[in-house]
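K.L.:
First the structure, then my questions, so here it is.
The values are calculated or read from the model by the stated rules, or taken from the named source; none is laboratory data. Quick caveat: nothing in here was measured; it's all calculated off a predicted structure. Reconstructed Cβ throughout: ideal geometry from the backbone, glycine too, with neighbour counts over all protein chains shown.
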Amino acid sequence: MVRVSAGGGTLPEVDRPRTALVATTLDCPDPRALAAFYAHLLGWEVRESSPDWVRLAPPGAERGLSFQAEPHHVRPVWPAREGEQQMQLHLEVEVDDLDDAGAHAEAGGAVRASSQPQEGVRVYLDPAGHPFCLFLPGW
C-alpha cells in the first residue's frame, strides 16, 4: 500500500494500492494509419503493432500513446454541438512555432479546425477527427 496525502490538508491521508497511468489510448477505425500520423507529428517510434493495436513512444521511452481499432468509431465534433458526438479528450502539444508546427501537422494529414478559441493555441483535427492543440510555451 501507498500512503497518500492531499498536500493541502483538506483530505485525510489514505492507504491505497499502487497505481500508475501507463497509456492514453485513442479509438479509431485504422490504428496503423493514425499511429503513422502521430509518429510523424511527434517524432515518436512504434513500440508495438498489430492490425488492431499500435503503441508509440518517444525515443528511449516505453510509455506513450496507443491506438485501438474501433469499427464503430464516430468522429467527434469540435467545437461541441448538442446532439453530436462529443470529444472525450484532446491532446496538448507544446511547440516553438505555431506556423511551422501547423504546416508539419497538415503535411501529415491534420486539418486546422474552423474555430480557433485563443491566440497562442491552434486546434487541429487528426485524420480520425480527434481534436488536438498545438500551443506556444506559456499558454
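K.L.:
Given the structure, is Glu94 over 18 Å from Thr24 (Cβ atoms), at pLDDT 95 or above and outside the structural domain of Asp30 (by TED's automatic domain parsing)?
P.N.:
no
K.L.:
Here's a follow-up. Looking at (1) outside any strand (DSSP E or B); (2) in the same structural domain as Leu41 (by TED's automatic domain parsing); (3) of a type outside the set (Lys, Arg); (4) in contact (Cβ under 8 Å) with a residue 24 or more places away in the chain, which one does Ala101 not meet, given that it meets all the others?
P.N.:
Here Ala101 clears every test but (2).
K.L.:
Go through segment 104-121 and give me each residue that's touching a Pro at 6+ places or on another chain (Cβ under 6 Å) and in contact (Cβ under 8 Å) with a residue 60 or more places away in the chain.
P.N.:
Matches in segment 104-121: Gly109 only.
K.L.:
Does Val54 qualify as being crowded, with 18+ Cβ neighbours inside 10 Å, in the same structural domain as Asp27 (by TED's automatic domain parsing) and either in contact (Cβ under 8 Å) with a residue 12 or more places away in the chain or not in a strand (DSSP E or B) (or both)?
P.N.:
Judged against the criteria, Val54 is a match.
K.L.:
May I ask you to list the residues in segment 16-51 that are among the basic types (Lys, Arg) and surrounded by fewer than 12 Cβ atoms within 10 Å (Cβ to Cβ)?
P.N.:
Arg16, Arg18 - these are the residues of segment 16-51 that are among the basic types (Lys, Arg) and surrounded by fewer than 12 Cβ atoms within 10 Å (Cβ to Cβ).
K.L.:
Looking only at segment 98-134, count every residue that is in contact with a helix residue (DSSP H, G or I) (Cβ under 7 Å, 6 or more places away or on another chain), buried (at least 19 other Cβ atoms within 10 Å of the Cβ) and not small (Gly, Ala, Ser) and tell me the total.
P.N.:
4
K.L.:
Of the residues Glu82, Glu62, only one is over 14 Å from the mean Cα position of the chain (by Cα) and either without any contact (Cβ under 8 Å) to a residue 12 or more places away in the chain or surrounded by 18 or more Cβ atoms within 10 Å (Cβ to Cβ) (or both); which?
P.N.:
When all the criteria are applied, what remains is Glu82.
K.L.:
Next question, about the same structure. Can Val74 be described as free of Cβ contacts under 8 Å to residues at least 12 places away in the same chain and either of a type in the set (S, T, N, Q) or within 15 Å of Asp27 (Cβ to Cβ) (or both)?
P.N.:
Judged against the criteria, Val74 is a match.
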